[in-house]
1. Being farther than 22 Å from A:GLY343 by Cα and either in a loop (DSSP other than H, G, I, E, B) or open to solvent by 40 Å² or more (accessible area, probe 1.4 Å) (or both) is the filter here; which residues of the range A:116-143 pass it?
2. What is the residue count in the range A:321-335 for residues that are surrounded by fewer than 21 Cβ atoms within 10 Å (Cβ to Cβ) and closer than 26 Å to A:LEU103 by Cα?
3. Taking A:VAL430 as the residue in question, decide whether it is more than 27 Å from A:ILE25 (Cβ to Cβ) and touching a strand residue (DSSP E or B) at 6+ places or on another chain (Cβ under 9 Å).
4. Does the range B:146-165 hold any residues that are more than 10 Å from every other protein chain (Cβ to nearest Cβ) and surrounded by fewer than 23 Cβ atoms within 10 Å (Cβ to Cβ), and which are they?
5. Considering only residues of the range B:110-130 that are of a type in the set (Phe, Trp, Tyr) and over 15 Å from B:SER348 (Cβ atoms), which is nearest to the other protein chains (Cβ to nearest Cβ)?
6. Does the range B:1-12 hold any residues that are of a type outside the set (Val, Ile, Thr), within 8 Å of chain A (Cβ to nearest Cβ) and open to solvent by less than 30 Å² (accessible area, probe 1.4 Å), and which are they?
7. Can you name the residue in the range B:358-377 that is open to solvent by less than 40 Å² (accessible area, probe 1.4 Å) and closer than 21 Å to B:ASP447 by Cβ and is also farthest from the chain's Cα centre (by Cα) among such residues?
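The values are calculated or read from the model by the stated rules, or taken from the named source; none is laboratory data. On a predicted model such as this, the values are computed, not experimentally measured, just so you know. So basically every Cβ, Gly included, is an ideal-geometry build from the backbone, and we count neighbours across all protein chains shown. Calculation scope for accessible area: heavy atoms of the full protein, side chains included, ligands and nucleic acids excluded. Shrake-Rupley method; radii C 1.70, N 1.55, O 1.52, S 1.80 Å.
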Protein chains: 2
Amino acid sequence: MTSIPSIPKGTRDFSPIEMERRNYIFDTIKKVFHLYGFMQIETPAMENLSTLLGKYGEEGDKLLFKVLNSGDYLSKITTEELQQKESTKLSTRISEKGLRYDLTVPFARYVVQNRNDITFPFKRYQMQPVWRADRPQKSRYREFYQCDADVVGSNSLLNEVELIKIIDAVFTALNISVTIKINNRKILAGIAEELGIPDKSLDIAIAIDKIDKIGWDNVVKELLNKGIQQDSIDKLFSIFDFGEPESKTIVSHAPPAPSDIVYNNLIEFLSNSVIGKTGIDEYNKIQEYTSNLNIKSRIEFDASLARGLNYYTGTIIEVKANNIEIGSICGGGRYDDLTGIFGLPNVSGVGISFGADRIYDVLKTIDKFPKESGVSTKILFINFGKQEEKHCLTLLTKIRQAGINAEIFPDADKLKKQMNYANNKNIPFVALIGENEIAENTITLKDMNSGEQKKMNIEELICLLNVK
Amino acid sequence: MTSIPSIPKGTRDFSPIEMERRNYIFDTIKKVFHLYGFMQIETPAMENLSTLLGKYGEEGDKLLFKVLNSGDYLSKITTEELQQKESTKLSTRISEKGLRYDLTVPFARYVVQNRNDITFPFKRYQMQPVWRADRPQKSRYREFYQCDADVVGSNSLLNEVELIKIIDAVFTALNISVTIKINNRKILAGIAEELGIPDKSLDIAIAIDKIDKIGWDNVVKELLNKGIQQDSIDKLFSIFDFGEPESKTIVSHAPPAPSDIVYNNLIEFLSNSVIGKTGIDEYNKIQEYTSNLNIKSRIEFDASLARGLNYYTGTIIEVKANNIEIGSICGGGRYDDLTGIFGLPNVSGVGISFGADRIYDVLKTIDKFPKESGVSTKILFINFGKQEEKHCLTLLTKIRQAGINAEIFPDADKLKKQMNYANNKNIPFVALIGENEIAENTITLKDMNSGEQKKMNIEELICLLNVK
């Protein structure tokens, strides 16, 4: 006896009901992307490892799924190499391809490879799975979808404004109340510059980003570990309205000051930093443009927002669902030189990425998936035998021509089994057609919710199903 | 200087225009699947190799893309094993996962794994890429999409009838004229039985299947090579209305007899074969049921149709585009025991698979892709500077609320560059809004096809774009 088969850990099957819900999310996002003039592309699941390696840091390289070369992949490997038994070294010798780790690097590769055929600014979106050999855990999978929209080839802040409108439109359509947090890497660079440690910009950003999670005193420890002096830390803290305390007196998990106070502090603090002031100006313009556009989401300046990826150079964006404890459900930012790694420098871009899995979890938590998907079956014809099924097939043709999703149970099984099928598939109506109905050319329709039965002709049935 | 990056051979990027066209095909097929009550599932790209190996024959095993285990995958391999340098043997030791080769085996695995949650008969569809380490050549790729619909858990021929209706509905919707060829493995088994060589059923089928490609005399050679006697071959040929010639007199590439003559010959030839007669009866029922259903495609009995896959046991179906030289664009059949390999015997199923790539080629050849995709941008707002763009953003919000896909050029670049952008993206209308238009609260609209310009207000614009 064979044991029950399974799938690799960290991967998932999606059942019909899960697919309906996932498609609801994907379709909503797609529709908004189209409204804003973004066009879809797809790239292959496998990329050359030379495209992927070195783009996600050392840790990222380890998380790439590598695909074994076909054929006699050992033929060119010497016995000496094999005897070293070095897995990492051997892997690049027996494997040339890897599964894509995200959609950003393949997109950069696509832009460079097709630069002569692309009309810039290029507004593309992409919705495809990515793969990471991460340790699987709750809400972290080895295969998951990303939904990215990017504009490359334009420095205009109008792109940021449009992306913020897209975020607002998507979450408004999905009935999710969100806060859109905005910061700018130039502000973070300005802070580091003013502290006299311009090369520590990212270290500071990443440490500050953790205030919510690990508390102020642990942030201090991390900053000290990174070699940042106590007086710099004190100055840093003054921005966040804690005066200039010594680190030991800082209360753990104290909330940061309201964002408008921090913002005003920053304007003063950065008054001598060219890059810092540019960051402030950019934020101001986004603020000015978005304020009149009937945006429903809360937009908030967040100086502690860093985002881990080191290719961001300007605006950074992160979206949190209000009143729900879950990580960010969308994020993005501007990058000045993503295609540079593939030999096409000076192509600025800005993009956002929606986290489909987390959005799914939010919608499930707040119970906001639509009750009617539009793709499921509206009516099941019960099968009473050969004459009846032949009659039903003709009716089915008419019903489907009217655009109504309809089925006939394929076997003349017991009525109970057929009704169970309708129940399990959540089919709202059942048609019962026996000898009498054939003779009268009528349909007995049963409403599965109310239990009511009613006789009607085919035109009445189509009319009724089209309204419901 | 970095060289221009590339993608693995046999894989493809899909540009925006290609994606629009591919989505047109996928969406059309999906809509029909929904009309017939099929529900979508997805399975992971990677399956355990234990699920995949041995399911596609020895040749298939070689064509599986295997994914290298993560971490120190060599740690458990002995130096002796390594020194053998046997690629095939080592691959199963350093790789536990593979990319799916088709959608059928993962579906069988899904059904067995989820048998307690599934309502049977289970009507599922699946549209996902599959991967094969085939030698890439024209129209053969290492990554390509399959679009499968299957019903499992029902023996009823009504399922075959519904699938034939689906095929007809899809190709009617796509404006492709097709012939649906039907045969039955039981008829092929009956022929072999009557020839006294019941175990040669598949050999005969596969040889006959090649009549069109290699001609009669080469088929004879192949049959002789398979150990089939000359008198059996003569009998076989009598079915196809060539009398009982000696093989040497047969004209190469002579067309087979019309299908109705072959069909009548078969009724007589199989009159003593139980399995053969069952096959004829099954075909008759399908013929009877489909004849009254307003099916637009030609349905044709084809005794030479075999289909390579050895899990088929009943009806087999293949679809050819009329008047176009291309392989089959859809195919399928009934299998009695696909889930048996995973320990769940006696679950009969029947399914079809649409070949998206070939359908794409056909639509391109006959120039039947729709001119308007519905997803591309309808209007571009020209950017004349800061005051103008702010004004345009407000108008854009209104236009998009009306469901119209619209863009603004993000930079105040030269008019020519902006107009080129509209041309290259095939945007049919351009809005020109300068100082005057802002003062008057009007829009100057340019029709990019006719070149005409006209002033209007926002309500008139929305009305016009909604009609066009």
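1. Taking the range A:116-143 and keeping what is farther than 22 Å from A:GLY343 by Cα, we get A:125-143.
Passing the criteria: A:ARG132, A:ALA133, A:ASP134, A:ARG135, A:PRO136, A:GLN137, A:LYS138, A:SER139, A:ARG140, A:TYR141, A:ARG142.
2. To start, the set of residues in the range A:321-335 that are surrounded by fewer than 21 Cβ atoms within 10 Å (Cβ to Cβ) comprises A:322-328.
Imposing the further condition that a residue be closer than 26 Å to A:LEU103 by Cα reduces the set to A:326-328.
Total satisfying the criteria: 3.
3. Working: more than 27 Å from A:ILE25 (Cβ to Cβ): yes; touching a strand residue (DSSP E or B) at 6+ places or on another chain (Cβ under 9 Å): yes.
It is true that A:VAL430 is more than 27 Å from A:ILE25 (Cβ to Cβ) and touching a strand residue (DSSP E or B) at 6+ places or on another chain (Cβ under 9 Å).
4. Here is the first cut: in the range B:146-165, the residues more than 10 Å from every other protein chain (Cβ to nearest Cβ) are B:146-150, B:152, B:163-164.
Of everything in the range B:146-165, those that are more than 10 Å from every other protein chain (Cβ to nearest Cβ) and surrounded by fewer than 23 Cβ atoms within 10 Å (Cβ to Cβ) turn out to be B:GLN146, B:CYS147, B:ASP148.
5. In the first step, residues of the range B:110-130 are kept if they are of a type in the set (Phe, Trp, Tyr); the result is B:110, B:120, B:122, B:125.
Filter again for over 15 Å from B:SER348 (Cβ atoms), leaving B:110, B:125.
Values: B:TYR110: 6, B:TYR125: 9 Å.
My answer is B:TYR110.
6. Looking only at the range B:1-12, we keep the residues that are of a type outside the set (Val, Ile, Thr), and these are B:1, B:3, B:5-6, B:8-10, B:12.
Now drop any that are not within 8 Å of chain A (Cβ to nearest Cβ), which leaves B:1, B:3, B:5-6, B:8, B:12.
Of everything in the range B:1-12, those that are of a type outside the set (Val, Ile, Thr), within 8 Å of chain A (Cβ to nearest Cβ) and open to solvent by less than 30 Å² (accessible area, probe 1.4 Å) turn out to be B:PRO5, B:PRO8.
7. Residues of the range B:358-377 that are open to solvent by less than 40 Å² (accessible area, probe 1.4 Å), as a first pass: B:359-360, B:362-363, B:369, B:376-377.
Those still in the list that are closer than 21 Å to B:ASP447 by Cβ too: B:376-377.
Values: B:SER376: 25, B:THR377: 29 Å.
So, considering only residues that are open to solvent by less than 40 Å² (accessible area, probe 1.4 Å) and closer than 21 Å to B:ASP447 by Cβ, the one farthest from the chain's Cα centre (by Cα) is B:THR377.
Condition check ((1) open to solvent by 20 Å² or more (accessible area, probe 1.4 Å); (2) within 16 Å of B:GLY333 (Cα to Cα); (3) of a type in the set (A, V, I, L, M)) across all residues:
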residue	(1), (2), (3)
B:ASN272	yes, no, no
B:GLY276	no, no, no
B:ASN292	yes, no, no
B:LYS296	yes, no, no
B:ALA303	no, yes, yes
B:TYR311	yes, yes, no
